[in-house]
Amino acid sequence: MFPTLTSKLPNTGTSIFTTMSALAIEHNAINLGQGFPDFPMDEQLSALAQQAIAKGHNQYAPMAGYLPLREAIAEKIKLLYGENISAHDSITITPGGTNAIYNAFNTILQPGDEVILFEPAYDSYIPNILVNGAIPIAIPLSFPSFSIDWEKVKSAINKKTKAIIINSPHNPTGKVLSDDDMLMLSSILKDTEIFLISDEVYEHLIFDEKKHNSVLKYPELFERSFVCFSFGKVYNCTGWKLGYCIAPPSLSAEFRKTHQFNSFCCFTPTQVALAEHLKNVEAYQSIGPMMEKKRNFFINSMKDNLFTLLPSHGSYFICATYEKISNLPAKDFAIELTQKAGVATIPVSAFYKDGNDENVLRFCFAKKEETIIEATRRLSSFAV
């Protein structure tokens, strides 16, 4: 007799990213689906990582992370947001931003708790909530602006509400939360015991002279928050899987209790390299303007087809409707586009737990110009 496995995620199958990437390979399609660059990372940072290995930084780092890196992060926060954050007590280095988000959920959730999230949502949120025995409460963003209806948030809060998760700049839409949004959130959470998880992995990828309104700028929000970041998104090295979580000391102490028995620590050479590279302020402040140029290049290259691009003010992504081209559901149309046009995208319906379909696709523009030129040429040949 063999043991019976009871799945913690019985309704979770192969992700749409795996499906579309496999199709892209099968049909020799250009993959504008997954969110990673196809251009080289910063040469200086690459060299620093090689140097760290050569100099012997190859053993365990401290559980909370290499201290000079945490100190460099604290200096960056002071520069950008004017806040004094303790490198010792409030910053924890994690194996990627997604891990930081999962560990934050794991720290606070108990079975039966409810978590408010906004859809379309990064696809890890709901599985993270479910695997902790909690209940996701999804509030749809208003289409096509993808803004938050704060009255719906107020209505969704009850005695079971344990946390709210926000994401700005937003994946998949590129929406950026305003100061008014943050003040409204602060007003709603005041006098509650609700935690806040803030996914800010695209912190520096923000366009059109907008500002990143980090939770770190709002003390009344930060006191209840876990704020999650990604070095991979900042420095175009997503395969490094290195991020960090910032939280008040009491919350960080609990966060580290689970972190130490999960990953314990992260890859040491890259931490050493980043500690030095963060001193180069221009390196992380220039990534937004560089990516904005890529977004603009993509928008200009898409003028000769029938896709309707929606506004994107941040991240690697821009969304588009295709009602002038096809009546197919988004997933079916994404498959057809991969097979017939040779361009892979992600259907935004995949970012809704009930598959809500507004006939929207997500494109990743974090690519070389020649990649964008060929991809949009194929799209224009197909969608005319």
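Scan segment 40-54 and report the pairs whose first residue is assigned by TED's automatic domain parsing to the domain that holds THR238 and in a helix (DSSP H, G or I) and whose second residue is surrounded by fewer than 18 Cβ atoms within 10 Å (Cβ to Cβ) and of a type in the set (Asp, Glu), with Cβ atoms within less than 7 Å and a gap of 6+ or a chain change.
LEU48/GLU276
Scan segment 262-286 and report the pairs whose first residue is among the aromatic types (Phe, Trp, Tyr) and whose second residue is in a helix (DSSP H, G or I), with Cβ atoms within less than 8 Å and a gap of 6+ or a chain change.
Matching pairs, first to second residue: PHE267/TRP240; TYR284/LYS76; TYR284/VAL234.
Quick check on segment 259-277. Is at least one of its residues more than 22 Å from THR98 (Cα to Cα) and in a helix (DSSP H, G or I)?
Going residue by residue through segment 259-277, those that are more than 22 Å from THR98 (Cα to Cα) are 276-277.
Filter once more, so that each one left must be in a helix (DSSP H, G or I): 276-277.
Yes - at least one qualifying residue is present in segment 259-277.
Being without any contact (Cβ under 8 Å) to a residue 60 or more places away in the chain and either surrounded by fewer than 19 Cβ atoms within 10 Å (Cβ to Cβ) or assigned to a loop (DSSP other than H, G, I, E, B) (or both) is the filter here; which residues of segment 79-114 pass it?
ASN84, ALA87, HIS88, LEU109, GLN110, PRO111, GLY112, ASP113
Does segment 21-35 contain any residue that is surrounded by fewer than 15 Cβ atoms within 10 Å (Cβ to Cβ), among the hydrophobic types (A, V, I, L, M, F, W, C) and in contact with a Lys or Arg (Cβ under 9 Å, 6 or more places away or on another chain)?
no
Among the residues of segment 138-156, write down those that are part of a loop (DSSP other than H, G, I, E, B) and within 23 Å of SER124 (Cβ to Cβ).
Matches in segment 138-156: LEU141, PHE143, PHE146, ILE148.
Do we have MET302 as under 23 Å from GLY174 (Cα atoms), of a type in the set (A, V, I, L, M) and over 22 Å from the mean Cα position of the chain (by Cα) here?
Details: under 23 Å from GLY174 (Cα atoms): yes; of a type in the set (A, V, I, L, M): yes; over 22 Å from the mean Cα position of the chain (by Cα): yes.
Yes; evaluated as a whole, the condition is true for this residue.
Go through (1) surrounded by 18 or more Cβ atoms within 10 Å (Cβ to Cβ); (2) acidic (Asp, Glu); (3) at pLDDT 95 or above for GLU151 and report which single condition fails.
So the condition that GLU151 fails would be (1).
Take LYS353 and tell me if it is over 26 Å from LYS233 (Cα atoms) and basic (Lys, Arg).
No, not satisfied.
Is at least one residue of segment 344-359 part of a helix (DSSP H, G or I) and of a type in the set (S, T, N, Q)?
Yes, segment 344-359 has at least one match.
Tally time: how many residues in segment 146-185 are free of Cβ contacts under 8 Å to residues at least 24 places away in the same chain and among the polar types (S, T, N, Q)?
So the answer is 1.
For segment 193-238, which positions are in a loop (DSSP other than H, G, I, E, B), hydroxyl-bearing (Ser, Thr, Tyr) and surrounded by fewer than 22 Cβ atoms within 10 Å (Cβ to Cβ)?
Selection gives TYR218 alone.
Please find, within segment 341-384, the residue that is nearest to GLN34 (Cα to Cα) out of those that are at pLDDT 95 or above and of a type in the set (Lys, Arg).
ARG362
Restricting segment 56-69 to residues that are in contact (Cβ under 8 Å) with a residue 60 or more places away in the chain and in a helix (DSSP H, G or I), which is surrounded by the most Cβ atoms within 10 Å (Cβ to Cβ)?
Of all residues in segment 56-69, those in contact (Cβ under 8 Å) with a residue 60 or more places away in the chain come to 57-66, 68-69.
Filter again for in a helix (DSSP H, G or I), leaving 68-69.
Values: PRO68: 16, LEU69: 27.
Once the filter is applied, the top-ranked residue is LEU69.
Answer yes or no as to whether GLU254 is within 15 Å of ALA100 (Cβ to Cβ), of a type in the set (Asp, Glu), surrounded by 22 or more Cβ atoms within 10 Å (Cβ to Cβ) and modelled with pLDDT of 95 or more.
no
A quick yes/no check of all residues on (1) without any contact (Cβ under 8 Å) to a residue 40 or more places away in the chain; (2) closer than 29 Å to ASP199 by Cα; (3) out of contact with any helix residue (DSSP H, G or I) (no Cβ under 7 Å at 6 or more places or on another chain); (4) among the aliphatic types (A, V, I, L, M):
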| site | (1), (2), (3), (4) |
| --- | --- |
| LEU310 | no, yes, yes, yes |
| ALA334 | no, yes, no, yes |
| PRO347 | no, yes, no, no |
| TYR352 | no, yes, yes, no |
| ARG362 | no, yes, no, no |
| ALA366 | no, yes, no, yes |
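On the given criteria, is MET20 among the hydrophobic types (A, V, I, L, M, F, W, C), in contact (Cβ under 8 Å) with a residue 60 or more places away in the chain, touching a helix residue (DSSP H, G or I) at 6+ places or on another chain (Cβ under 7 Å) and under 27 Å from CYS245 (Cα atoms)?
Considered against the rule, which asks whether it is among the hydrophobic types (A, V, I, L, M, F, W, C), in contact (Cβ under 8 Å) with a residue 60 or more places away in the chain, touching a helix residue (DSSP H, G or I) at 6+ places or on another chain (Cβ under 7 Å) and under 27 Å from CYS245 (Cα atoms), MET20 comes out as no.
Please find, within segment 115-137, the residue that is farthest from ALA253 (Cα to Cα) out of those that are in contact with a helix residue (DSSP H, G or I) (Cβ under 8 Å, 6 or more places away or on another chain) and in a strand (DSSP E or B). Before you say what the answer is, go through the steps one by one.
Taking segment 115-137 first, the residues in contact with a helix residue (DSSP H, G or I) (Cβ under 8 Å, 6 or more places away or on another chain) are 115-117, 119-125, 128-129, 132, 134-137.
Then drop every residue that is not in a strand (DSSP E or B), which leaves 115-117, 119, 135-137.
On the way: VAL115: 22, ILE116: 24, LEU117: 25, GLU119: 30, ILE135: 25, PRO136: 25, ILE137: 27 Å.
Checking each candidate, the answer is GLU119.
The values are calculated or read from the model by the stated rules, or taken from the named source; none is laboratory data. Computed from a prediction, not measured in an experiment: that's the story for all the values here. For neighbour counting, all protein chains shown are included, and Cβ atoms are generated from backbone atoms with ideal geometry for every residue, glycine included.
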